[in-house]
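Reviewing the structure listed below.
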Amino acid sequence: MNDKKKNIVKEIEDRIKYKFKDKSLLIRALTHSSYSNEQKSDKIKNNERIEFLGDSVLGLIVSDYIFKKYTNHPEGDLTRFRAIVVCENTLSSAARNIRLGEYLFLGRGEEGTGGRKRNSILADAFEAIIGAIYLDGGFDASRNFVLYNLNPFIEQAAEGRLFLDYKTQLQEIIQQESHSNIVYRVVKEEGPDHNKIFFVEVNNNEHILGAGKGKSKKEAEQNAAKAALIGLGDVDV
């Protein structure tokens with residue numbers, strides 16, 4: 001590990017209040033696919049797989065915590081609290097609180113287009129950190145990290161001071177009228193792998209409710225849901 005990466009590891013460990021036994025897990029959690037693609041080396045792994053794991057660990061931690069803390073709330077409330085806390089907007093805010101964007105390894109294209117500030121990249125990196133801590137220190141260590149960083153958001157969600165993301169808002173509105181699910185479809189992709197644009201449509205019973213684009217599928221889905229809500233008159237531009 002070179003000196004630059006050693007300095008990054010030390011700084012981010014101080015910020016997240018966790019010391020890694022296996023420093024390579026932290027480096028991997030900070031590595032965006034745009035960076036590994038540019039390096040042209042199979043030895044450099046990006047954070048996508050570890051983010052997948054972190055997403056599952058995060059869901060369990062938050063579910064367990066709100067189940068035990070909010071004993072008088074029904075299942076519907078708990079589902080809503082969790083959806084608010086684990087959404088992209090909340091996770092990217094938590095990532096900004098620890099200045100996570102400053103430490104990411106990004107490709108030149110992603111760097112040049114503001115990737116360090118992009119919600120989808122920050123949220124994915126935050127989940128990757130959770131996955132890395134889980135692999136390095138186990139469930140309790142990852143739980144400590146999650147609750148230390150997300151507890152204020154959990155409390156705000158329970159008090160009604162933190163709002164749902166567009167996808168969840170749309171799902172709740174549709175389910176009030178019917179039990180059918182909405183489906184997001186990627187209809188087109190443009191650009192190279194390190195700087196791809198995704199185009200997504202959101203459908204309900206084969207009826208297109210809205211369309212959106214973004215630098216990630218998650219971002220495009222959010223924008224499609226926002227467009228649908230605007231069309232339904234449930235959100236302002």
* Just give me the residues in the stretch 149-166 being free of Cβ contacts under 8 Å to residues at least 12 places away in the same chain and over 19 Å from Asn97 (Cα atoms), in sequence order. => Glu159, Gly160
* **Residues of the stretch 114-143 satisfying the condition of being over 16 Å from the mean Cα position of the chain (by Cα), free of Cβ contacts under 8 Å to residues at least 40 places away in the same chain and on the phi < 0 side of the Ramachandran plot** => Asp140
* **Failed criterion for Ala125 (all others in (1) surrounded by fewer than 21 Cβ atoms within 10 Å (Cβ to Cβ); (2) assigned by TED's automatic domain parsing to the domain that holds Ile16 hold)** => (1)
* Asked: Only one residue in Asn7, Asn47 is free of Cβ contacts under 8 Å to residues at least 24 places away in the same chain and in the same structural domain as Ile121 (by TED's automatic domain parsing). Which one?
  -> Asn7
* **Residues within the stretch 1-22 that are modelled with pLDDT of 95 or more and farther than 17 Å from Ala94 by Cα, tallied** => 4
* Hey, could you check the stretch 156-198 for residues that are in a loop (DSSP other than H, G, I, E, B) and of a type in the set (D, E, K, R) and say which is farthest from the chain's Cα centre (by Cα)? => Glu159
* For Phe81: the one exception among (1) assigned to a loop (DSSP other than H, G, I, E, B); (2) in contact with a helix residue (DSSP H, G or I) (Cβ under 6 Å, 6 or more places away or on another chain) -> (1)
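Checking the conditions here, which among Leu100, Leu106, Leu30, Leu53 is under 19 Å from the mean Cα position of the chain (by Cα), more than 23 Å from Tyr166 (Cα to Cα), surrounded by fewer than 19 Cβ atoms within 10 Å (Cβ to Cβ) and not basic (Lys, Arg)? Spell out the reasoning first.
Working: Leu100 fails: surrounded by fewer than 19 Cβ atoms within 10 Å (Cβ to Cβ); Leu106 fails: surrounded by fewer than 19 Cβ atoms within 10 Å (Cβ to Cβ); Leu30 fails: surrounded by fewer than 19 Cβ atoms within 10 Å (Cβ to Cβ).
Criteria check complete, one pass: Leu53.
Yes or no, residue by residue, for (1) surrounded by fewer than 14 Cβ atoms within 10 Å (Cβ to Cβ); (2) in contact with a strand residue (DSSP E or B) (Cβ under 6 Å, 6 or more places away or on another chain); (3) under 18 Å from Leu122 (Cα atoms):
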residue: Lys6; (1), (2), (3): yes, no, no
residue: Leu25; (1), (2), (3): no, no, yes
residue: Asn47; (1), (2), (3): no, yes, yes
residue: Gly59; (1), (2), (3): no, no, yes
residue: Asp64; (1), (2), (3): yes, no, no
residue: Lys68; (1), (2), (3): yes, no, no
residue: Thr71; (1), (2), (3): yes, no, no
residue: Asp77; (1), (2), (3): no, no, no
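The values are calculated or read from the model by the stated rules, or taken from the named source; none is laboratory data. Please read all numbers here as calculations on a predicted model, not as lab measurements. Reconstructed Cβ throughout: ideal geometry from the backbone, glycine too, with neighbour counts over all protein chains shown.
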